[in-house]
Each structure stands twice: as C-alpha cells, then as structure tokens.
1. Just the number: Rg to Rh for segment 1-90, Cα atoms, Kirkwood Rh, two decimals.
2. Taking the Cα-to-Cβ direction at Trp7 and at Ala69 and moving 7 Å from each Cα, how far apart do the two end points lie in nm?
3. When N counts the residues of segment 120-198, how does its alpha-carbon radius of gyration compare numerically with 2.2 N^0.38 Å, as a ratio?
4. Only Cα pairs within less than 10 Å get springs; with that Gaussian network setup on the chain, which residue of Leu51, Leu176, Leu150 has the largest fluctuation?
5. Rounded to whole Hz and in sequence order, give me ³J(HN,Hα) for segment 80-91 from the Karplus expression 6.51 cos²θ - 1.76 cosθ + 1.60, θ = phi - 60°, writing x for Gly and Pro.
6. Run the numbers for Thr156 and Val78: contour at 0.36 nm per residue of separation, minus the present Cα-Cα distance, in nm.
7. Compute the separation of the alpha-carbon centres of segment 111-126 and segment 138-210 and state it in Å as a whole number.
8. For the chain, what value does the Rg/Rh ratio take when both radii are computed over Cα atoms and Rh is the Kirkwood radius, given to two decimals?
Amino acid sequence: MINTNFWLFLAAACLIAAVPGPGIFYVAARTLSEGRGSGFASTAGTALGGLVHVVAGSLGISAIILASAELFAAVKFVGVLYLVWLGIRTFRSASRALSFGNEPVGDKRAFRDGVLVEALNPKTAAFFLAFIPQFLDPAGSNPTLQFITLGAISVTLNTLADIMVVLMASATRTQLIGCPHLMRRLTQGSGVFIAGLGLSLALARRPVNG
C-alpha cells in the first residue's frame, strides 16, 4: 500500500487534520472548562469514536445509515440532543467552585462523552466514506484492511492535532485559573459553544449519493 496513492492520502490527511473542525473545537471547549485531564480524556474518546466510524465504514454499516433517511435522521437527532445536553451541563457547572480534585471522575465522563459525541456524528461517517475510498489501491488485496489502515492513520493525525489544541487551551486556562469571575465566564462560554456544535450538527444533510 506504500505507493503514490498512499503518499497523496498522507498529505491530504495531514492538511485535513491541521484545519480546525468540530472535534478540535469540542476538545478545546472541554479543556477550557474542565482542565487538561478532561481535554486529554475527551481527545481519547473522540479518537475511539472515530475508529468506530472507520470500522463501520469498512464493514458497510455507515453506508447503510447514510443510505437511509430515517437512520441518518435518528443518529443525527441523538447526536444533537447529546451535544446540547453536554453544553447545558457545562454551562450550569460554571456556578460551582472550580476544583482539580474532581478531575479523575470528570475525566472518565469526558472520555465517555468524547466517544459518544464522535460516534453519533453522521458527518464523520460521511467524511470517511467520501475521503478514504479515493486512495485505496485497486491492485492491492483486501480493500477492507486498506480502508481500516488509512482510517486509523487519519484518526491518529486528527488526534495529534487535538492534543496540541489541548495543550494550548490548558496553558490559557492556567493563566486564568486565579480569576474566578473570568473562569466562570469561560466555562459558560464553553457550554454555549458545545451546545452550538450540537445545533450546527442539526443542519447536517444526508449526502445525496448516500
């Protein structure tokens, strides 16, 4: 699989990973509101959620969901509700005192949230089904394995970009941690932003050729 197609894929995947998208904004918001631990946990969760789409795409499950208007709408609806709920929960948590002592429990929840947020995003499924097949080697064997390999590489690159964002957002949060009023506003803003990501997902339309 190490041929021209692979290097073209790698270049394209690197560019896509570097472009800010919903995943980057989500982990940034979680980091700003809850800290570095939650940011890393969210990143690990979204990575696992991305791999769910890779496997589903390789097995044809994603194609079935995208081909059905009802299934696409159902998955999207659940994803929208979950993101909006996370946003509201984050906004309401701003009124509580900020404490790093709660991070271990919060990190587990952040990981779970990350998995569900990414796995319930049909736009991710559509992306993998539209992007990866362009770089499969028709002369190669086992296209399913090729799909999974390229998908895993894409998820890894996206995760590395998310980690960089977590580090930058964490540094910003550290500078503001001594200002409770600003931290409260920052947490509230993160909640509004996460809910906004959910509302933006509501506008997603099923691919015509799905």
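We did not get these values from a lab; they are worked out from the coordinates using the rules stated. Please read these numbers as outputs of a predicted model, since none were measured by experiment. A quick note on method: Cβ atoms are made from the backbone with ideal geometry, for glycine too, and the neighbour counts reach across all protein chains shown.
1. Details: Rg = 16.1 Å, Rh = 15.5 Å.
My calculation puts Rg/Rh at 1.04.
2. Taking the simple label geometry, Trp7 and Ala69 are separated by 4.6 nm.
3. On the way: Rg = 19.0 Å, N = 79, 2.2 N^0.38 = 11.6 Å.
Normalised Cα radius of gyration, segment 120-198: 1.64.
4. Leu176
5. 4, 4, 5, 5, 4, 4, 4, x, 5, 5, 5, 4
6. Working: separation 78, 0.36 × 78 = 28.08 nm, distance 2.57 nm.
Using 0.36 nm per residue and subtracting the Cα-Cα distance, I get 25.5 nm.
7. So the separation of the two Cα centres works out to 10 Å.
8. Details: Rg = 18.0 Å, Rh = 17.8 Å.
Across the chain, the Cα-based Rg/Rh ratio is 1.02.
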